[in-house]
Structures are given as C-alpha cells and as structure tokens.
Amino acid sequence: MNKPYAESCEQNRGPILAILRLYLRDRYTLLEIGSGTGQHAVYFAPEFPHLLWQTSDLTDNHAGIRQWIAEADCPNALDPIALDVNQPDWPEPGYEAVFSANTAHIMDWDSVQAMFAGVGRVLNPGGVFLLYGPFNYGGKYTSESNARFDHWLKRRDPQSGIRNFDDLDRLAVAAGMELLADHPMPANNRTLVWHKPAD
C-alpha cells in the first residue's frame, strides 16, 4: 500500500508549527481530530517530545496514518484511535490540548456541532483547542480564493462549506470554552484558539 499524501499538509505545516509552539510548550497530552494522512502528526510530534500526540480518524484512514508513524519512528506520535465526531463514545477526558486542521469545512453542520461538544468534554480545564482552516467573518468570504473553494466544496457536498467564525465561537462557548486568539495564516486561512477556563 502506498502511503497517502496531501500536498496541503506540506504547504501549511511550517506556519501551523509556529502557532503550536505558542501553546504546547507546557502541554503533555494532545488529541488530533481528523489526522487524515498522518503527515501533520509525524511533523509536529517530534517538535514536542514531552507531549503525547494522539492521532484519530475514521477507521478507513488508520492504515495510512500508521504507515507514516511507523516510518517516522517517532515514539510520542501514537497510533490512531477510531473517532467519528458523531459517535457518543469519545475518548476519556484528560487532554490538555486538541488540534484539528481542515476539518470544519468538510463536515456537515451537525458534525461540526458534535465536534465542539466533544472537545468540550475531553479537554481538561486550562486546556486549549486549536482549529486551523478557512473561516468567514460576518458571513463574508475573506478572499476570492476562499469563495471559489467554498463553491467547490458545496458542489461536492452541499452540507459542507466554509464556516462562519461567529457560529463556531457560539459552539465553543456552549461547550465551556472561551476565545483566546485568532491567528492569521498564509493562503487566507486562520488558526482559532479557544481555551477551557480552569476551575
């Protein structure tokens, strides 16, 4: 089996790493939602050797993720666990960080809601949720390229599409989180960071 490969992971990993360095220095457990090919995990995890990077995805993607992890020989990148955001049995709480890249716009809205609710359950007080991707503000696209991308997404799946920041922030608040930062990224993307206040 050939390893899966996503060009976008190679293009965005450097800028994302710069943001992760701001938030993961003192974290020891991280859940990645939607690990996809596994490329992000094997690039980021060695940069934080103190942190256990738990990959997750639908079971169909596990073989590819395992291939990347096995070839990287990175002991703190953990083999994937099965996670469909809509499933009731999420991992046990106890993560100090949750990271997800390019997921909210390929899910339907019910799944986005389920993801935020699940993150709120598994995240420790004081933990952070970092979400990377394109987002709209005030219901408007931030660029022509994002508008074209959104139209392409909706042609492929009418239930998908670039999400509005305010809608996501409301989901975060409902899940017990508060916005910490909104980082501009290359190619008209952002990294949104919420934190769960400590008790």
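The values are calculated or read from the model by the stated rules, or taken from the named source; none is laboratory data. Everything quoted here is computed from the prediction, not taken from an experiment. As a convention, Cβ positions derive from the backbone with ideal geometry for all residues, glycine included, and neighbour counts pool all protein chains shown.
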Original post:
Can you spot a residue in the stretch 21-35 that is more than 21 Å from residue 180 (Cα to Cα) and at pLDDT below 95?
Top reply: no
Original post:
Given the structure, is residue 82 at pLDDT 95 or above and out of contact with any helix residue (DSSP H, G or I) (no Cβ under 6 Å at 6 or more places or on another chain)?
Top reply: no
Subject >> Every residue from the stretch 172-189 that is under 15 Å from residue 133 (Cα atoms) and buried (at least 19 other Cβ atoms within 10 Å of the Cβ) >> reply: 189
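This table checks each residue for (1) out of contact with any Phe, Trp or Tyr (no Cβ under 9 Å at 6 or more places or on another chain); (2) surrounded by fewer than 24 Cβ atoms within 10 Å (Cβ to Cβ); (3) modelled with pLDDT of 95 or more; (4) not basic (Lys, Arg).
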site	(1), (2), (3), (4)
113	yes, yes, yes, yes
127	no, no, yes, yes
130	no, no, yes, yes
137	no, yes, yes, yes
140	yes, yes, yes, no
145	yes, yes, yes, yes
Original post:
Are there any pairs with C-beta distances below 7 angstrom linking a residue in the stretch 148-171 that is surrounded by 12 or more Cβ atoms within 10 Å (Cβ to Cβ) to a residue that is modelled with pLDDT under 95 and in a loop (DSSP other than H, G, I, E, B), with the two at least 6 apart or on different chains, and if so which?
Top reply: 164/139
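Is it the case, given these coordinates, that residue 150 is of a type outside the set (S, T, N, Q) and either within 19 Å of residue 60 (Cβ to Cβ) or in a loop (DSSP other than H, G, I, E, B) (or both)?
Numbers: of a type outside the set (S, T, N, Q): yes; either within 19 Å of residue 60 (Cβ to Cβ) or in a loop (DSSP other than H, G, I, E, B) (or both): no.
No.
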